[in-house]
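Following: one structure in structure tokens, then a few remarks.
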Amino acid sequence: MSLRRVLASPSWAEHVRLLAGAAGLDRPLATVQATLDASHEPVPDELVVVVRPVAGIDWQIDALLRRCADAGATAVLLPGTEPLAASRLLADRLAVPLLTTGASPLDLVVAARLLLAAPELARADLLLATHRALGDRPRPPEDVVAVLRRLLRSPVAVLDDRGAPLAGELAEAGRVRLGEPVPQRIDLDDGVLLAHPVLLQRPALWLTVELRGTEAARADVVPPALAVAAGVLQRWLLANRLELERDARSRTALLGDLLRLDSEPGADLRRRVADAGWRLGGWHVGLHIGVPAAVDTVARTQEVVRALRAEDVEAVVVEHGDGWTGWVTFDQEPTAERVRSLASRLQAAHRALRLGAHMGVGRPHPRPDGLAATVAEASDASRLAATRPETGHFLHVDQLGMAQLLLEWTRTDTFEPAARALVAPLKDAPGDLVRTLASYLDAESSIAETATVLGVHRNTVAARIARIEQLLGVDLSRPDERLALHLASRAVILSGP
């Protein structure tokens, strides 16, 4: 065991101060010897604890430091003594740690000998202290961080599955390997970073601590305590998840009832809306955020709300369909300028989400029936935004015009099978020809713009277009064939595989 490890133990860390000789903190330590004065003859790997003060006779301290260096002893601990600067300089030159304490030296001797005799006791003590401090009930991340920070005397943080802090702060949080759902020990320049996953089906959170300086010597003691704290967080996650899912089902059911309205809402529905804090009066601007199927919409709802609030958008947000449906309510009919400003802020929030999302925004509509109308427009815009990388996968209905009407037509039961049949020869051909065709027609037959959208060379686009015309037996310079293929390719892309 090293001296650094003993200094990191709670009983020593609170009462012992290093005066000089920091270069020798990693010296091995085998025995701890108490002596009445500085005349002791040290032995190798021994920590010499002087019980009586030796102030005013610094030459004895200097002599003891030299004997320790010659014998290969580990360090010297003095009780309540501040030796002269010359003695501290000597300790630095000999790399013999010189320590001082205001506590009982004999108590420190007992604690150090126990640690040497049974080092696993330190692990057990920390484990027991963590159990007692956290208890058996679920505790939120903020509580867990506060308890561990006090017990470990080190920075502690809870990270989400993307490595962003939920509670606490770490300087080196980015070093955690999020793709490896196992406890991790990462060596830092001046310490150790420990990370423990909090698992549900996959790592949902990471509990992390940075041990620096003498605390780094406890890196073998801390992991069991992190495992206990991770279990507490796991219970909190499960309880919180049940509550989130219950609230999400309630919100989704209420939104469904509103969107199915074909007359004025009844008293019961109005009461449920009021209980939810929603408004039916005024003018509503709908929004819809679609995300890939792998995104956990229930768990991410608060993240969406925070992103909107960061852009000063107070919106109702409900888990709905392939993502979230929401709306902003105005007391009076908003001006065109206010709507454009809202759309700009929604686009900024969409960029901040980074969930692979696509967002659509509807027009202002009044009253409850207007809520259904603007939400439907936002959903249409979102579906189109999913295929528009050139707009950042964001569309406002005011930007759509005729495209929205054509989208409604392409959703009909008669058009979609016809569209699939029309582009069927392209499906199995290499080069993603259906998307190439749609992008080419979106770009008004600009090969350069199509190449930019698809991220390929313009010669590749030209070769693909020639191949498309050959497979379909069409001439893309003819307006009627262009229109039919444009609608067909869009319908096939939007409907998925």
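The values are calculated or read from the model by the stated rules, or taken from the named source; none is laboratory data. Since the model is a prediction, treat every value here as computed from it, not as a measurement. Note that each Cβ is placed from the backbone with ideal geometry, even for glycine, and that neighbours are counted across all protein chains shown. Accessible surface is based on the protein model in full, side chains and every heavy atom, while ligands, DNA and RNA are left aside. Shrake-Rupley method; radii C 1.70, N 1.55, O 1.52, S 1.80 Å.
Starting from the Cα-Cα distance between Ser344 and Leu199, subtract it from 0.36 nm times their residue separation and give me the gain in nm to one decimal.
48.4 nm
For percent of Cα pairs over 32 Å apart, the listed values are (i) 46; (ii) 62; (iii) 57; which was obtained by calculation from the structure presented?
It is the one labelled (ii).
Ranking request for peptides 163-173, 363-373: highest mean number of other beta-carbon atoms within 10 Å first, then the rest in descending order.
Highest-to-lowest ranking by the protection proxy: 363-373, 163-173.
Based on the Cβ-Cβ distance of Ala30 and Arg162, what FRET efficiency does E = 1/(1 + (r/R0)^6) give at R0 = 45 Å, to the nearest 0.05?
0.45
Assuming R0 = 60 Å, what is the FRET efficiency of Leu89 and Val474, from their Cβ-Cβ distance, to the nearest 0.05?
Using R0 = 60 Å, I get an efficiency of 0.10.
Asp92 accessible area, nearest 10 Å², 1.4 Å probe?
80 Å²
Take the Cα of Glu14, step 7 Å along the line toward its Cβ, and report every residue of region 76-107 whose backbone nitrogen sits under 19 Å from that point.
Correct set: 80, 100-107.
Within region 456-489, list the residues whose amide N lies under 18 Å from a label point set 7 Å along Cα→Cβ of Asp428.
Once the point is set 7 Å along Cα→Cβ of Asp428, 468, 470-473 turn out to lie under 18 Å by backbone N, inside region 456-489.
For region 1-105, calculate the relative contact order in percent as a whole number, restricting contacts to Cα pairs under 8 Å that are 6 or more residues apart.
Value for region 1-105: 34 percent.
Any idea of Trp278's accessible area? Nearest 10 Å², probe 1.4 Å.
Approximately 30 Å² of Trp278 is accessible to the 1.4 Å probe.
To the nearest 10 Å², what's Glu82's accessible area with a 1.4 Å probe?
About 110 Å², ignoring ligands and nucleic acids.
State, to one decimal in nm, how far the label point of Ala274 lies from the label point of Asp187, with both points 7 Å from Cα in the Cβ direction.
Once both label points are built, they end up 6.7 nm from each other.
From Cα pairs below 8 angstrom and at least 6 apart in sequence, can you work out the relative contact order of the chain, rounded to a whole percent?
Worked out over the chain, it gives 9 percent.
In nm, give the distance between the simple-model label positions of Gln332 and Ala129, each being 7 Å from the Cα along the Cα-to-Cβ direction.
My value for the distance between the label points is 6.3 nm.
So for the pair Asp369, Arg235, with labels modelled 7 Å out along Cα→Cβ, what separation do we get in nm?
Simple spin-label model gives 5.4 nm for this pair.
Among Pro10, Val110, Ala71, which residue has its Cα positioned farthest towards the positive end of the charge dipole of region 1-135, with +1 placed on the Cβ of Lys and Arg, -1 on the Cβ of Asp and Glu, and the dipole taken about the Cα centre?
Positive-end residue among those listed: Pro10.
Send over a whole-number figure in Å² for the accessible area per residue of the chain, probe 1.4 Å.
48 Å²
Using a Förster radius of 22 Å, what is the FRET efficiency between Leu178 and Arg153 based on their Cβ-Cβ separation? Nearest 0.05, please.
After rounding to 0.05, the efficiency reads 0.25.
For the chain, what does -39500 (n - 2.57) per DSSP helix run (n ≥ 4), summed and divided by total residues, give at 222 nm, in deg cm²/dmol to the nearest 500?
About -15500 deg cm²/dmol.
Any idea how far the Cα center of region 161-212 sits from the one of region 332-355, in Å?
Result: 35 Å between the Cα centres.
Tally up the carbon and sulfur contribution to the accessible surface of the chain as a whole percent, 1.4 Å probe, everything protein left in place.
Here carbon and sulfur together make up 53 percent of the probe-accessible area.
What does the charge count around Leu108 come to, taking other residues whose C-beta lies under 15 Å from its C-beta (Lys +1, Arg +1, Asp -1, Glu -1)?
+1
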